[in-house]
Amino acid sequence: KGTALLENVEIAPPVFTPNGDGINDEVTFSFDLFLLLEQVAVDLDIYDLSGRHIQTLQTGGSTAGNLEVKWDGRDAQGQLVPPGLYLYRLAVDSDDASTERTGTLSLVY
């Protein structure tokens, strides 16, 4: 078994309120990438509880190190999404391996 490409996934704050008051207006996903010598695709997708795709936050190449991706609570059309629980899927694909993490986050107003 190899070492994971993706470790130390943290989401802060666990509940965020994108209402423009400057406090917890966005959620930050931070994570560490390991064992990467070249750029790989990192995708962070947000879904509602029915499984409908809301937003893709990060695509493109990243190399090993600590990364942060922020979400401001908006969908792909730039509209604020309704309050509730949302699902995230963080996926890293390299030539040798792929790994993903999934979980939930809360958005309130």
Can you tell me which residue in segment 1-34 is nearest to GLY84 (Cα to Cα), limited to those that are small (Gly, Ala, Ser) and touching a Leu at 6+ places or on another chain (Cβ under 9 Å)? SER30
If PHE29 meets every condition in (1) in a loop (DSSP other than H, G, I, E, B); (2) within 22 Å of ALA97 (Cβ to Cβ) apart from one, which number is that one? (1)
May I ask you to list the residues in segment 42-71 that are within 13 Å of the chain's Cα centre (by Cα) and among the hydrophobic types (A, V, I, L, M, F, W, C)? VAL42, LEU44, ILE46, ILE54, LEU57, LEU67, VAL69, TRP71
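Kindly state which strands (runs of 3 or more DSSP E) lie completely within segment 35-109 and contain at least 2 residues that are of a type outside the set (A, V, I, L, M) and open to solvent by less than 50 Å² (accessible area, probe 1.4 Å). Spell out how you get there, then give the answer.
Values: elements: 40-48, 53-56, 65-71, 84-93, 98-107.
Ranges flagged: 40-48, 65-71, 84-93, 98-107.
The values are calculated or read from the model by the stated rules, or taken from the named source; none is laboratory data. Nothing here was measured: the structure is a model prediction, and the numbers come from that model. Please note: Cβ atoms are built from the backbone with ideal geometry, for glycine as well, and neighbour counts cover all protein chains shown. These accessible areas exclude ligands, DNA and RNA; they are computed on the full protein's heavy atoms, side chains included. Shrake-Rupley method; radii C 1.70, N 1.55, O 1.52, S 1.80 Å.
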